[in-house]
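Asker: Next up is a structure, given as structure tokens.
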Amino acid sequence: MIGLGVGVQLGSMQYSCQTYQHPFHPPLETRYGVWSVRQGLIITLKDDSGKVGRGEIAPLPWFGSETWEQAQDYCQCLSPQLTEKDLLSVPDDYPACQFGFGSAWAALTNPTEPTSSQLPMCGLLPTGKTALSACSHLWQQGYRTLKWKIGVDLPAAEQAIFLDLIAELPQTATLRLDANGGLSYQSACQWLGLCDHLTSEVRIEYLEQPLPPSQMADLLALNQQFQTPLALDESVATLAQLQHCYQQGWRDIFIIKPAICGYPESLRQFCQTYAIDAVFSSVFESEIGRQACLQLAADLSNPNRAIGFGVNHWLPEYESLHP
Ligand code: MG
């Protein structure tokens, strides 16, 4: 078992947890359906001297993390007094809880100043043709890398919008496509062929997760076949999956969502050992989780790529804090 990365030994800590709900505005549409409310938990640890550390649990069950209900049950069954051993004993199938407890512990024992990330951020466009009107707004806000979800409508309809979007974007823009595993092999080939042969100046940085995680051999084959880079996201949601895909030979881009990837220090060790091309990304966590994620991103995300945290415009309550 790995330590939490801090040498300080504490006795027991007071523990409490609180649930939250934050509405998306408008609701976020992806291949998984429409997401209206981000639900999560904030956990608080307090030591004998009165110091406090907070961590956030922000599950994403359609990516393979525990559900919000499972996380809530887990947190409510814990004793109000916890030891370091308790914090290290969160099961591997509760990766969002591992992250929440691990980052609360780090905040308690090794507090750092809030990070205002130096890394550029990628702004998430709305799905479908609404992206056409939204892209100039995000550009004016300073985003130079934008992401657009595909795999929601029929490929021909989305490819027509894609060509309009490319024409609409300034030539210096960088665009990422994210299929959330929703394409067939044939439509993935169509998309990648289209991206490979674009004559526009707009750079297609990568296509994210064209096929579901179960089709790893096909993902590796596609990556050989086309010039447009591929990124794995759903395939590498947890640390165990990340290790597995690396062992299977994936050396292109890895999207890391630290809030569902387990203990932060285990993730740090993996990224530092293998020097992967990592793009750290949000799961629409609130400010407490976001700060913990941004600190990891500052150390571990590829500095030549925008991080996937340009999402606060989807959650008005967050945007009032950090527009
Ligand atoms: Mg993705």
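Asker: Determine whether ILE166 is part of a helix (DSSP H, G or I), closer than 23 Å to ARG31 by Cβ, modelled with pLDDT of 95 or more and in contact with a strand residue (DSSP E or B) (Cβ under 8 Å, 6 or more places away or on another chain).
Answerer: So ILE166 fits the description; yes.
Asker: Still on this structure: So is SER65 crowded, with 20+ Cβ neighbours inside 10 Å, of a type outside the set (A, V, I, L, M) and part of a loop (DSSP other than H, G, I, E, B) or not?
Answerer: Judged against the criteria, SER65 is a match.
Asker: If you go through the stretch 236-250, how many residues are in contact (Cβ under 8 Å) with a residue 24 or more places away in the chain and over 23 Å from GLU56 (Cα atoms)?
Answerer: Qualifying residue count, the stretch 236-250: 6.
Asker: Across the stretch 160-175, what is the number of residues that are surrounded by 15 or more Cβ atoms within 10 Å (Cβ to Cβ) and in contact with a Phe, Trp or Tyr (Cβ under 9 Å, 6 or more places away or on another chain)?
Answerer: So the count comes out to 6.
Asker: Sort out which residues of the stretch 169-192 are within 16 Å of the ligand (Cβ to nearest atom) and part of a loop (DSSP other than H, G, I, E, B), and write them in order of number.
Answerer: ALA179, ASN180, GLY181, GLY182, LEU183, listed by residue number.
Asker: Can I ask one more? Restricting to the stretch 247-262, name every residue that is within 30 Å of SER286 (Cβ to Cβ) and either open to solvent by 20 Å² or more (accessible area, probe 1.4 Å) or within 16 Å of the ligand (Cβ to nearest atom) (or both).
Answerer: The answer is ILE253, PHE254, ILE255, ILE256, LYS257, PRO258, ALA259, ILE260, CYS261.
Asker: Just the residues that are open to solvent by less than 20 Å² (accessible area, probe 1.4 Å) and either in contact with a Leu (Cβ under 7 Å, 6 or more places away or on another chain) or touching a residue at least 40 places away in the same chain (Cβ under 8 Å) (or both), please, taken from the stretch 267-283.
Answerer: LEU267, PHE270, CYS271, ALA278, VAL279, PHE280, SER281, VAL283
Asker: Given the criterion touching a Leu at 6+ places or on another chain (Cβ under 9 Å), open to solvent by less than 10 Å² (accessible area, probe 1.4 Å) and part of a strand (DSSP E or B), identify the matching residue among LEU108, LEU45.
Answerer: Of LEU108, LEU45, the one residue that is touching a Leu at 6+ places or on another chain (Cβ under 9 Å), open to solvent by less than 10 Å² (accessible area, probe 1.4 Å) and part of a strand (DSSP E or B) is LEU45.
Asker: Across the stretch 176-203, which residue is surrounded by the most Cβ atoms within 10 Å (Cβ to Cβ) among those that are more than 21 Å from VAL236 (Cβ to Cβ) and in contact with a strand residue (DSSP E or B) (Cβ under 8 Å, 6 or more places away or on another chain)?
Answerer: In this case the residue turns out to be CYS195.
Asker: Looking at ALA157, ALA217 in this structure, which one is assigned to a helix (DSSP H, G or I), more than 13 Å from the ligand (Cβ to nearest atom), at pLDDT 95 or above and over 19 Å from GLY128 (Cα atoms)? Give the steps one after another, and end with the answer.
Answerer: Working: ALA157 fails: over 19 Å from GLY128 (Cα atoms).
Being assigned to a helix (DSSP H, G or I), more than 13 Å from the ligand (Cβ to nearest atom), at pLDDT 95 or above and over 19 Å from GLY128 (Cα atoms) holds for just one of ALA157, ALA217, which is ALA217.
Asker: Let me ask something else about it. Can you tell me which of (1) within 16 Å of the ligand (Cβ to nearest atom); (2) over 20 Å from GLY151 (Cα atoms); (3) in a loop (DSSP other than H, G, I, E, B) is the one PRO210 doesn't meet?
Answerer: Failing condition for PRO210: (2).
Asker: For CYS135, indicate whether it is of a type outside the set (A, V, I, L, M), closer than 24 Å to SER12 by Cβ and part of a helix (DSSP H, G or I).
Answerer: no
Asker: Can you confirm whether GLY142 is without any contact (Cβ under 8 Å) to a residue 24 or more places away in the chain and closer than 23 Å to SER301 by Cβ? Spell out the reasoning first.
Answerer: Numbers: without any contact (Cβ under 8 Å) to a residue 24 or more places away in the chain: yes; closer than 23 Å to SER301 by Cβ: yes.
Answer is yes for this residue.
Asker: Is there a residue in the stretch 236-246 that is within 24 Å of ALA297 (Cβ to Cβ), open to solvent by less than 30 Å² (accessible area, probe 1.4 Å) and within 12 Å of the ligand (Cβ to nearest atom)?
Answerer: Among the residues of the stretch 236-246, at least one is within 24 Å of ALA297 (Cβ to Cβ), open to solvent by less than 30 Å² (accessible area, probe 1.4 Å) and within 12 Å of the ligand (Cβ to nearest atom), which makes the answer yes.
The values are calculated or read from the model by the stated rules, or taken from the named source; none is laboratory data. Everything numeric here is computed off the predicted structure, so don't read it as measured data. Neighbour counts run over all protein chains shown; Cβ positions are idealised from the backbone, glycine included. Protein only, heavy atoms only, side chains kept; ligands, DNA and RNA dropped before computing areas. Shrake-Rupley method; radii C 1.70, N 1.55, O 1.52, S 1.80 Å.
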